[in-house]
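Here is the structure we will look at, set down as C-alpha cells.
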C-alpha cells in the first residue's frame, strides 16, 4: 500500500510534466488553425500570440487521471472515484462528458469566435451534464441557527447557475500573462488542501491535477507569454474549480462551507461584479468590453504586467489563507475572518476605482451619433460630470465618491 501522499504527488508531477511537454504542441496547433490573439486596443500583447493553451491543461488533467487508474490497478492505490455517502448518486463518466463539453466549447470559440449566445449555450450544456452526474447541493444550513433550507427542485438550476458563473468569472479575469492560470493554480492547491482535510479524495485528485497542469503551463504563460490560455483554457479552469468546490461540500452544506470556494475565487468575482456595476452605471451593455478590469487599473497605476500579476497572486493568497482559517475555527470567528477579508478587498477595490465607468455615452454634435467614449477622449470628462450630477440628483444612495 502506497503512502497517502505518494498518489497525490505522482498526479501533480504527471499533470505538470504533461503540461510542460504539450504546451509547445498546443502552440503549434493554435497557429495552424489561426487561433491567434493579435494586438488591439484592449489587448495587452504587442505581438500575435497563440491562444489555445487549454489543450495542454486539459491533457495534463487527463494524464493525471490515467496515472491514478494505473496506480489503483497495479500499485494498490485507494480508488478516488468513490462518491461520499452524502451524494445519492454520482456518475463520474457523465461528469467527464461535462468536462469534454466545456473544453469543446472553448476550443470552438478559440477557432471560430463563437457568438455570445452560442458560447453561453455550450457552458449551460456542460453545466447541465455535470449536475445530471450528481454534483448538487440540496440543503443549505444556517450556521447561526441550524435551520435547514431544502432547495428541492431548485437545487438543479441553482447549481447550473453556480457552475456557469464560476466558468465566466475565470473567463473574464484572463487578461494578463499568467493571470488566470496563476490564480487557478493557487486556488486549486487551496481546494486540494481543504479537500484532503475533508476526506474528499475525488475533489482532492481533481484539484491537485489542475494545480500541476496550470503550474506546468505557467512556464510558457507567465510574462512574457508565448501562449495564452484562450477560452479552451479559461472556461476549463472555471469549470474544474467549480466542480472541485461542489465535490468538496456535502449535499447538506453549511452556508459558510459554500462561501469558502467563493472567497477562494474572490478576485475574479470582484472583477466580474465591478464590471457589471460599472457598465450599468454608464448605461452600456453588461457584455460591452472595457478597460476597467482589475489588471487594467493596476497597469494604469503604473505597474508593469509582471508586477500587476504578482499583486493579484498575493491578494489571492491572502484570500486563500483566510479561507483555510475559516475552516479551522468556530462560527463566530469564521464570520469575523470573512468580514475582514471582505473589508480588505473592498478597500483595494475602492483604491483602484473598480466601479468607476470607463465607457460613457456621448452624443456627437457633428454627426448626431450616440458614441461610446473612453477617458482618453476629450468628451469623457464632460459626460462623467453629467453622469455624476444625474446620480447625485436621484438620491444620496447613488452618489459615488470615486466618480
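The values are calculated or read from the model by the stated rules, or taken from the named source; none is laboratory data. Given the structure is predicted, the values throughout are model-derived calculations rather than measurements. All Cβ positions, glycine included, derive from the backbone under ideal geometry; neighbour counts span all protein chains shown.
Could you grab me the full set of residues in the range 258-299 that are over 30 Å from residue 389 (Cα atoms) and touching a residue at least 24 places away in the same chain (Cβ under 8 Å)? Break it down into steps so the answer makes sense when it comes.
We begin by selecting, within the range 258-299, every residue over 30 Å from residue 389 (Cα atoms); these are 258-268.
Once the filter is applied, which keeps residues that are over 30 Å from residue 389 (Cα atoms) and touching a residue at least 24 places away in the same chain (Cβ under 8 Å), the range 258-299 yields 258, 259, 260, 261, 263, 264, 265, 266, 267, 268.
Could you check, for the range 307-319, whether at least one of its residues is at pLDDT below 95 and crowded, with 19+ Cβ neighbours inside 10 Å?
no
Would you confirm, using the coordinates I've provided, whether residue 10 is at pLDDT 95 or above, touching a strand residue (DSSP E or B) at 6+ places or on another chain (Cβ under 8 Å), surrounded by fewer than 22 Cβ atoms within 10 Å (Cβ to Cβ) and assigned to a helix (DSSP H, G or I)? Break it down into steps so the answer makes sense when it comes.
Values: at pLDDT 95 or above: yes; touching a strand residue (DSSP E or B) at 6+ places or on another chain (Cβ under 8 Å): no; surrounded by fewer than 22 Cβ atoms within 10 Å (Cβ to Cβ): yes; assigned to a helix (DSSP H, G or I): yes.
Judged against the criteria, residue 10 is not a match.
Could you pull out the residue among 194, 210, 235, 241 that is modelled with pLDDT of 90 or more, buried (at least 24 other Cβ atoms within 10 Å of the Cβ), assigned to a helix (DSSP H, G or I) and over 16 Å from the mean Cα position of the chain (by Cα)?
Just one listed residue meets the conditions, 194.
Report whether or not residue 227 is surrounded by 24 or more Cβ atoms within 10 Å (Cβ to Cβ), over 23 Å from residue 134 (Cβ atoms) and touching a strand residue (DSSP E or B) at 6+ places or on another chain (Cβ under 6 Å).
So residue 227 fits the description; yes.
Out of 47, 66, 100, which single residue is out of contact with any helix residue (DSSP H, G or I) (no Cβ under 6 Å at 6 or more places or on another chain), without any contact (Cβ under 8 Å) to a residue 60 or more places away in the chain and under 18 Å from residue 207 (Cβ atoms)? Give the derivation first.
Values: 47 fails: under 18 Å from residue 207 (Cβ atoms); 100 fails: under 18 Å from residue 207 (Cβ atoms).
Result of the check over 47, 66, 100: 66.
Against the condition assigned to a helix (DSSP H, G or I) and either at pLDDT below 90 or over 24 Å from the mean Cα position of the chain (by Cα) (or both), how does residue 25 come out, does it pass?
yes
Determine, yes or no, whether residue 287 is modelled with pLDDT under 95, surrounded by fewer than 13 Cβ atoms within 10 Å (Cβ to Cβ) and under 22 Å from residue 180 (Cβ atoms).
Considered against the rule, which asks whether it is modelled with pLDDT under 95, surrounded by fewer than 13 Cβ atoms within 10 Å (Cβ to Cβ) and under 22 Å from residue 180 (Cβ atoms), residue 287 comes out as yes.
Being under 24 Å from residue 294 (Cα atoms), modelled with pLDDT under 95 and out of contact with any strand residue (DSSP E or B) (no Cβ under 6 Å at 6 or more places or on another chain), is that true of even one residue in the range 46-60?
Checking the range 46-60: at least one residue is under 24 Å from residue 294 (Cα atoms), modelled with pLDDT under 95 and out of contact with any strand residue (DSSP E or B) (no Cβ under 6 Å at 6 or more places or on another chain).
How many residues are surrounded by fewer than 17 Cβ atoms within 10 Å (Cβ to Cβ) and either modelled with pLDDT of 95 or more or over 21 Å from residue 377 (Cβ atoms) (or both) if we restrict to the range 349-362?
Going residue by residue through the range 349-362, those that are surrounded by fewer than 17 Cβ atoms within 10 Å (Cβ to Cβ) are 350-351, 361.
With the extra rule that they be either modelled with pLDDT of 95 or more or over 21 Å from residue 377 (Cβ atoms) (or both), the set shrinks to 350-351.
The number of residues fulfilling the criteria is 2.
Evaluate the range 142-161: report whether one residue or more is modelled with pLDDT of 90 or more, assigned to a helix (DSSP H, G or I) and under 20 Å from residue 104 (Cβ atoms).
Checking the range 142-161: at least one residue is modelled with pLDDT of 90 or more, assigned to a helix (DSSP H, G or I) and under 20 Å from residue 104 (Cβ atoms).
Of everything in the range 378-392, what is outside any helix (DSSP H, G or I) and surrounded by 15 or more Cβ atoms within 10 Å (Cβ to Cβ)? Give them in sequence order.
The one that is outside any helix (DSSP H, G or I) and surrounded by 15 or more Cβ atoms within 10 Å (Cβ to Cβ): 379.
Within the range 123-138, can you find the residues that are over 19 Å from residue 203 (Cβ atoms) and surrounded by fewer than 21 Cβ atoms within 10 Å (Cβ to Cβ)?
Of everything in the range 123-138, those that are over 19 Å from residue 203 (Cβ atoms) and surrounded by fewer than 21 Cβ atoms within 10 Å (Cβ to Cβ) turn out to be 124, 125, 128.
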